[in-house]
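The values are calculated or read from the model by the stated rules, or taken from the named source; none is laboratory data. Owing to the predicted nature of the structure, the values given are computational and were not obtained by experimental measurement. Note that we place each Cβ from the backbone using ideal geometry, even for glycine, and neighbour counts take in every protein chain shown. The area values use the complete protein model at the heavy-atom level, side chains included, leaving out ligands, DNA and RNA. Shrake-Rupley method; radii C 1.70, N 1.55, O 1.52, S 1.80 Å.
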Amino acid sequence: MKKFKIIPDFVNEEKFLNEMALQGYYLEKYNSLGVYTFREEAPQSLCYRIDYRTFSSKKQFEDYCALFEDAGWEHVYGTRHSGSQYFLPIPGRAQTDDIFSDKESKAGRYKRYSSQCFASLMLMITWLFVLNSDNWKIWNVKSWYFTPGLWDMPGSLFWKAFLFETPFVILRVAPMILFFFMAILYGYWSVKAKDLYKKELDVH
Amino acid sequence: MNYNKLLPLTETTFYIMLSLATPSHGYAIMQNVELLSENKVKVAAGTLYGAIENLLKQKLIIEVKSEDKRRRVYTLTPEGKELLKLEIERLRHLIQISEGIELGGKER
């Protein structure tokens, strides 16, 4: 089963996965567009834990997974570049009830997530600048249409030309709008994760 | 290297660095910390991984060659050894000045 959900808070995401397991759905895959893939089995009470890390080499990633496995945590899902890393305690083998043993490191995942969102925000802004040419700007709707003299045409002729070009405009502008909204989302998540980071540090 | 900026070490960092006086991989560090602390300190995997990354970044430990393909092995650098020595001296001094201090209360 697939489910689309965007949860930019690890604690809530862990709760969501635990609730899904109670209904008999087990996380199999996740992609950064927010699509969770679940496998159906008998319901169980589980305790998912999420870390957030990307790795510069395959060896580092393998070492990371090996360390968690050694410590009794099954690496359920996550790739070198996925960021979110999902873990489940291996019954009888996990020696701690969490993958973090102090609040600084538990909060640290929000800090890394925040920086990643900020990096994505910068990437989106760069794309927006690259795609913005001299001839058309995202904030100027009139510049989206290339038909010469379109805006000065009389009534019926205008509508004909306008409707004719609109599908092309949508194709041309859609990526821009997408990047624009993603930039806003990444900016928002970056700030929110920073707040959560500070909040977690303050919890006694 | 400005050692004073890095002192005092957190308890976790102290245990990890002490364990890395001999080359070890992550899980060996975890086990050694439990042993040294008589089960009082348990470093969870995520916390340990972050601590190792930090120590590598600060060049206090370094990765050494190992036969295990999946697990990275680390050991203290000369700077790491120096820092650990300074921390031990600092702790020793604290113990020294607290000896013979009467705080009253019942002996346990």
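Computed values, structure above
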{"item": "1.4 Å probe, heavy atoms, protein only - residues of segment A:101-136 losing at least 30 Å² accessible area vs chain alone", "result": "A:SER101"}
{"item": "Value of [θ]222 nm, deg cm²/dmol, for the protein assembly as shown, DSSP H segments ≥ 4, -39500 (n - 2.57) each, nearest 500", "result": "-17500 deg cm²/dmol"}
{"item": "Interface burial for A against B (accessible surface, 1.4 Å probe, total of both chains, Å², rounded to 100)", "result": "1900"}
{"item": "Anisotropy class of segment A:18-69 from Cα gyration tensor, a/c 1.5 cut", "result": "prolate"}
{"item": "Neighbour cut-off at most 16 other Cβ (10 Å), DSSP loop, trypsin sites (Lys or Arg not before Pro), segment A:86-186", "result": "A:ARG93, A:LYS137"}
{"item": "At least 20 Å² accessible surface lost relative to isolated chain, residues of segment B:20-46 (1.4 Å probe)", "result": "B:TYR27, B:MET30, B:GLU34, B:LYS42, B:ALA44, B:ALA45, B:GLY46"}
{"item": "Segment A:77-121 shape via C-alpha gyration tensor axes, a/c threshold 1.5", "result": "oblate"}
{"item": "Ratio Rg/Rh [Cα only; Rh per Kirkwood] for segment A:129-197", "result": "1.19"}
{"item": "Carbon plus sulfur fraction of accessible area for the protein assembly as shown, probe 1.4 Å, in percent", "result": "59"}
{"item": "Heavy-atom surface of chain A, accessible at 1.4 Å and reported per residue (Å²)", "result": "58"}
{"item": "Dipole in debye (nearest 20) - segment A:91-204, about Cα centre, beta carbon charges: Lys, Arg +1; Asp, Glu -1", "result": "100"}
{"item": "Largest to smallest principal axis extent of the C-alpha atoms in chain A, angstrom", "result": "78, 36, 35"}
{"item": "Charge dipole (the protein assembly as shown, unit charges on Cβ, about Cα centre) - positive-most of B:ASN2, A:MET176, A:ALA161", "result": "A:ALA161"}
{"item": "Surface accessible to a 1.4 Å probe, per residue, for the residues of chain B, Å²", "result": "66"}
{"item": "Mean Kyte hydropathy of 0.5 or more with a Cα span along the axis of at least 15 Å, helices from DSSP in chain A", "result": "A:155-202"}
{"item": "Segment B:13-91 shape via C-alpha gyration tensor axes, a/c threshold 1.5", "result": "oblate"}
